[in-house]
Structure formats: structure tokens, C-alpha cells
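The next block holds one structure in the form of C-alpha cells; read it before the comments.
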Amino acid sequence: MSSSSILAEKTDQAVAELRDAELDGWLTFARETHNLGEPCLPLVLGEGFVWPGMVLLTATGRKIAITETHDADNVRAHGVHEVYPYESSLQSAFHEVLDEVEPKRLGLNYSKANPTADGLSLGLYEQLREYIDASDHRIELVSAAPIVESVRGRKSETETERIQGAVDTAHGILREVQTEWRPEWTEAETAAFVHERVADLGLVTSWDAETCPAVTAGVEGEYGHAKPGDVTIPPGEVMRIDFGVIREEYASDMQRVYYHQPAGETEIPDGLRSDFDDARDAIRAGFDALEPGVQGYEVDAAAREYLTERGWPEYQHGLGHQVGRYVHDGGTYLGPQWDRYGDAPYGEVREGEVYTLELGIQTDYGSISLEEMVQVTADGARFMTEQQTDPWVLDAN
């Protein structure tokens, strides 16, 4: 899972958050994690559990792992936790820890809105209640979602470096498409070229390979995360690719627009340039609104209003999501105040978070859909991608 350096960074970050959250500790309880993944374990343990286990981070700075004896050595190897191994009874080891820590209020991994903060199963929650009821302690149990969102969202220096590596790799592959493309390539053949390059590098795509990359060729291409088909790009139309890779456990996600320039044409048509500029500048409007403390829907509104004021219909999705260990990494969402997004658009943007900024318009040239990756800074944001300023020309002459 996680390297020891990231594990130390993230657990230190969690302890600092706990001190401000009026929680005595953050408890992660999981089991058989190769079957039932717990999204927080890479942040707090760095390993999976075979048998039931717990991680307790406390506001006083303790980092405690309660593991079955066969899991214990892997956890110790990171040099981050106090390890309490057990053989026959997790409950007994847990009671020993409770007697030492004496917590009154613990945060647990459950959330109505954020899947990356909702790893605790109902069965384990009931088991935990039984363990506590059998102890000498009375503990208030609350959602740890605010802690999870901050720790997961605010990227450490090492995490930022890894995401940048994934961004640069994906960007390089998308540039190779421009130089290697052939006019006879279908969407599926374009995707196959991308998959070959990913495999050559020993990497995997950021989401399911059947739709990563998503390729939309020309006016007839199917928009969204559809599987690439047998459509080619007619001269004078555009192709859009949505793609990312996972490198050193961290993801990237970007979209680029290519133009199939007809024979004899030397300039991008004015109509295409105008349409492209509208999409690009709408993303820039969202970028300019992105800073610590704003709510997600405010950033989306800036880009949405820019487009609609120029006569384009509203795009039917949010402007951006967080990226980290997952390509959709939970937390605050840069989206409209629609029921389908729950509370996520009302979250506050934090320094260190990494977001996509993405939107598309359907034009006479095909889908112009752009996506950049940015990181929030102390007073605004910075591009992690090299922002696309013009369509990338596919020259078949």
C-alpha cells in the first residue's frame, strides 16, 4: 500500500487535525481488506488486514495498531505505530488500549456523502459497539468524515510529487497520440495505442481500461465515458480523449482535444478557435475562483456562468472532483447545488487539495471537452497540467 514516508506524513497530519476537531481519537476498524477494501487504510496503516484489526490515532499523538499476530510484522516494518498484537481475542487487546487512552469521543469511518470516508461496515460497527459495551468505558461515537476529508484531501509533499509524476506521464502519452496518429485510426485503435504505451511503462489506467481512455471522434462520436468504437475522425472535425494513469499509487485525469486538419489547410478555422477559446476560458474562470475557504459550488458557478453568458447550454455535471489515490477521491466537489451531489458542493476548499477542472461543449466540429488538474495554494491555485491553449493539430498531409 503506502510508503513509510507517506504513512508518517499522513498520520502526523491526522493527529494535528484531531487536536482541532474535539475528538480524542480516530478509529479505523477493518477486516479481510483484500475482499472488503477500507479506503482509509493506506493513509493510517500502510497495509491491509487479513484478520480483523484496528488503527487508533489519538489527539495526544499516539499511533496504535491492533493486529492479529500474523499481520503485526508488516505493520511494524513501517516504524510508525505502536503495535498491539493479539492471538485469540481482538476485544481483549482493544480493552487494553481503551484502559490506556481513556477516550470519551471517537471518530469512525462512516459518511452519508463521501464514499472514501465510509469504509466501516454495519457488521463491524455493531461488533465495535459490543466491544465498547463490554468495557468499563462509555464513548461517544461520531463520524470521522471531516478528518478523513482533510487528511485525504490536503496532499503532503510526497503525495504532490507522485501526483505530478502521474500527470506528466499521462500528458506525455497524450502528446504521443498527436505525433503517432494515423487518419485510418478508429476510436478503438487510438485507445489501443494508449494502452500499449501504458503497458510499456508498467503502469495501469486511472479507471477501468475499457473506458480509459474515453475517445470521442468527430461529430458522430459518443460523448462521455463510452467505450471507444469504430468511428474515425473526419477531416475538419475534432477528437477528444479523457485519460489518466496511476503512478506510484496516485492518479491523474485530463482531457485533450485534437483537430484533424484537412489537406491544404494551414490555420485552425476561426469558428473552431472561438468555440475552443470559450471552453478554455470557462475553465480559467473556475481556476480564478478557486482558493482556500470558498465552497465548491462557487467555483463551479464561475465557470458555468462564463459559458452560459456566451450562449452555451449548461454542462450536465460538476466542474471538478478531487484526485489522489483514487481518480475520484471524495471530499469537496466543485459542482452545482443539485440533489444528486448531496453535501459535497457545500464543502470548503482547502490548501493542498488537488482538483480537476473539466467541462465540454458540443459544437459543429465535435465535442470540445477540456480537463486540467490543479492544486490549491495558500492564495489561489496552480496548474499541475500544462494547460491546453489551442487544439492539438493532427496533420495527415
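The values are calculated or read from the model by the stated rules, or taken from the named source; none is laboratory data. Here the structure is a predicted model, which is why all the values come from computation and not from measurement. Positions of Cβ are generated from backbone atoms using ideal geometry, with glycine treated the same way; all protein chains shown enter the neighbour counts.
Of all residues in segment 170-220, how many are outside any helix (DSSP H, G or I), on the phi < 0 side of the Ramachandran plot and either small (Gly, Ala, Ser) or crowded, with 20+ Cβ neighbours inside 10 Å (or both)? Give the steps one after another, and end with the answer.
Here is the first cut: in segment 170-220, the ones outside any helix (DSSP H, G or I) are 181-186, 201-220.
This time we only want the ones that are on the phi < 0 side of the Ramachandran plot, so: 181-186, 201, 203-217, 219-220.
Right, trim to either small (Gly, Ala, Ser) or crowded, with 20+ Cβ neighbours inside 10 Å (or both) and you get 181, 185, 205-207, 209, 212-217.
Within segment 170-220, residues that are outside any helix (DSSP H, G or I), on the phi < 0 side of the Ramachandran plot and either small (Gly, Ala, Ser) or crowded, with 20+ Cβ neighbours inside 10 Å (or both) number 12.
Restricting attention to segment 2-32, which residues are surrounded by fewer than 21 Cβ atoms within 10 Å (Cβ to Cβ) and either among the polar types (S, T, N, Q) or not assigned by TED's automatic domain parsing to the domain that holds Gly119 (or both)?
First, the residues of segment 2-32 that are surrounded by fewer than 21 Cβ atoms within 10 Å (Cβ to Cβ): 3-5, 8-9, 12-13, 15-16, 19-22, 24, 31-32.
Ser3, Ser4, Ser5, Gln13, listed by residue number.
Quick check on segment 52-76: of everything there that is of a type in the set (A, V, I, L, M, F, W, C) and within 28 Å of the chain's Cα centre (by Cα), which residue is farthest from Gly107 (Cα to Cα)?
From segment 52-76, those of a type in the set (A, V, I, L, M, F, W, C) are 54-57, 59, 64-66, 72, 75; that's our starting set.
The next check asks that each one be within 28 Å of the chain's Cα centre (by Cα); those that pass are 54-57, 59, 64-65, 75.
Values: Met54: 13, Val55: 12, Leu56: 10, Leu57: 10, Ala59: 11, Ile64: 15, Ala65: 16, Val75: 22 Å.
My answer is Val75.
Quick one: which of Arg240, Arg197 is of a type in the set (D, E, K, R) and in contact with a helix residue (DSSP H, G or I) (Cβ under 9 Å, 6 or more places away or on another chain)? Before the answer, list the steps.
On the way: Arg240 fails: in contact with a helix residue (DSSP H, G or I) (Cβ under 9 Å, 6 or more places away or on another chain).
So the residue among Arg240, Arg197 that is of a type in the set (D, E, K, R) and in contact with a helix residue (DSSP H, G or I) (Cβ under 9 Å, 6 or more places away or on another chain) is Arg197.
Only one of (1) modelled with pLDDT of 95 or more; (2) among the hydroxyl-bearing types (Ser, Thr, Tyr); (3) crowded, with 19+ Cβ neighbours inside 10 Å fails for Ser143. Which number is that?
Among (1) modelled with pLDDT of 95 or more; (2) among the hydroxyl-bearing types (Ser, Thr, Tyr); (3) crowded, with 19+ Cβ neighbours inside 10 Å, the lone unmet condition for Ser143 is (3).
Would you pick out the residues in segment 93-132 that are surrounded by 18 or more Cβ atoms within 10 Å (Cβ to Cβ) and of a type in the set (Asp, Glu)?
Asp118
Tell me which residues, restricted to segment 75-90, are closer than 17 Å to Asp133 by Cβ and either in contact with an Asp or Glu (Cβ under 8 Å, 6 or more places away or on another chain) or not assigned by TED's automatic domain parsing to the domain that holds Ile139 (or both). Quick ask: steps written out before the conclusion?
Our first condition is that a residue be closer than 17 Å to Asp133 by Cβ; within segment 75-90, this holds for 89-90.
Correct list: Leu90 only.
I'd like the full set of residues that are among the polar types (S, T, N, Q) and over 23 Å from Ser206 (Cα atoms), limited to segment 331-380. Working first, answer last.
In the first step, residues of segment 331-380 are kept if they are among the polar types (S, T, N, Q); the result is 332, 337, 356, 362-363, 367, 369, 375, 377.
Selection gives Gln337, Gln362, Thr363, Thr377.
Check Ile246 against each of (1) touching a residue at least 60 places away in the same chain (Cβ under 8 Å); (2) in a loop (DSSP other than H, G, I, E, B) and name the one condition it does not meet.
(2)
How many of the residues in segment 319-367 are surrounded by fewer than 24 Cβ atoms within 10 Å (Cβ to Cβ), β-branched (Val, Ile, Thr) and part of a strand (DSSP E or B)?
2
Condition first: within 18 Å of the chain's Cα centre (by Cα) and either in the same structural domain as Met239 (by TED's automatic domain parsing) or touching a residue at least 40 places away in the same chain (Cβ under 8 Å) (or both). Can you find one or more residues in segment 264-280 that meet it?
To start, the set of residues in segment 264-280 that are within 18 Å of the chain's Cα centre (by Cα) comprises none.
No, there is no match, as no residue in segment 264-280 is within 18 Å of the chain's Cα centre (by Cα) and either in the same structural domain as Met239 (by TED's automatic domain parsing) or touching a residue at least 40 places away in the same chain (Cβ under 8 Å) (or both).
Residues being in contact (Cβ under 8 Å) with a residue 40 or more places away in the chain and either within 18 Å of the chain's Cα centre (by Cα) or in a loop (DSSP other than H, G, I, E, B) (or both): count how many of those fall in segment 221-241. Steps first, please.
Residues of segment 221-241 that are in contact (Cβ under 8 Å) with a residue 40 or more places away in the chain, as a first pass: 221, 223, 228-233, 235-241.
Now narrow it down to the ones that are either within 18 Å of the chain's Cα centre (by Cα) or in a loop (DSSP other than H, G, I, E, B) (or both): 221, 223, 228-231, 233, 235-237.
Of the residues in segment 221-241, 10 are in contact (Cβ under 8 Å) with a residue 40 or more places away in the chain and either within 18 Å of the chain's Cα centre (by Cα) or in a loop (DSSP other than H, G, I, E, B) (or both).
Going residue by residue through segment 115-122, is there one that turns out to be in contact with a Lys or Arg (Cβ under 9 Å, 6 or more places away or on another chain) and over 30 Å from His328 (Cα atoms)?
We begin by selecting, within segment 115-122, every residue in contact with a Lys or Arg (Cβ under 9 Å, 6 or more places away or on another chain); these are 116-118, 121.
Filter again for over 30 Å from His328 (Cα atoms), leaving none.
Scanning segment 115-122, I find no residue that is in contact with a Lys or Arg (Cβ under 9 Å, 6 or more places away or on another chain) and over 30 Å from His328 (Cα atoms), so the answer is no.
Could you list, in sequence order, all residues of segment 240-292 that are of a type in the set (Gly, Ala, Ser) and farther than 18 Å from Ala303 by Cβ?
Of all residues in segment 240-292, those of a type in the set (Gly, Ala, Ser) come to 244, 251-252, 263-264, 271, 274, 279, 282, 285-286, 289.
Answer for segment 240-292, where residues must be of a type in the set (Gly, Ala, Ser) and farther than 18 Å from Ala303 by Cβ: Gly244, Ala251, Ser252, Ala263, Gly264, Gly271.
Just the residues that are surrounded by 24 or more Cβ atoms within 10 Å (Cβ to Cβ) and over 15 Å from Gln178 (Cα atoms), please, taken from segment 241-253.
Residues satisfying the conditions are Gly244, Val245, Tyr250, Ala251, Ser252, Asp253.
What are the residues in segment 63-83 that are within 16 Å of His95 (Cα to Cα), surrounded by fewer than 22 Cβ atoms within 10 Å (Cβ to Cβ) and out of contact with any His (no Cβ under 7 Å at 6 or more places or on another chain), if any?
Glu68, Glu82, Val83 - these are the residues of segment 63-83 that are within 16 Å of His95 (Cα to Cα), surrounded by fewer than 22 Cβ atoms within 10 Å (Cβ to Cβ) and out of contact with any His (no Cβ under 7 Å at 6 or more places or on another chain).
Tyr259 is checked against (1) touching a residue at least 60 places away in the same chain (Cβ under 8 Å); (2) at positive phi and fails just one. What number does that condition carry?
The single condition Tyr259 does not satisfy is (2).
Of all residues in segment 59-115, how many are touching a helix residue (DSSP H, G or I) at 6+ places or on another chain (Cβ under 8 Å) and on the phi > 0 side of the Ramachandran plot?
2
Among residues belonging to segment 302-330 that are touching a Gly at 6+ places or on another chain (Cβ under 9 Å) and aliphatic (A, V, I, L, M), point out the one that is farthest from Trp207 (Cα to Cα).
Ala302
Cβ contacts < 9 Å: first residue at positive phi, restricted to segment 128-142; second residue hydroxyl-bearing (Ser, Thr, Tyr) and not in a helix (DSSP H, G or I), any location; separation 6+ or different chain. Result?
Taking only residues 6 or more apart or on different chains, not a single pair turns up.
Here are some residues: Thr385, Thr356, Thr389. Which one is among the polar types (S, T, N, Q), touching a residue at least 60 places away in the same chain (Cβ under 8 Å) and within 19 Å of Arg152 (Cβ to Cβ)?
Thr356
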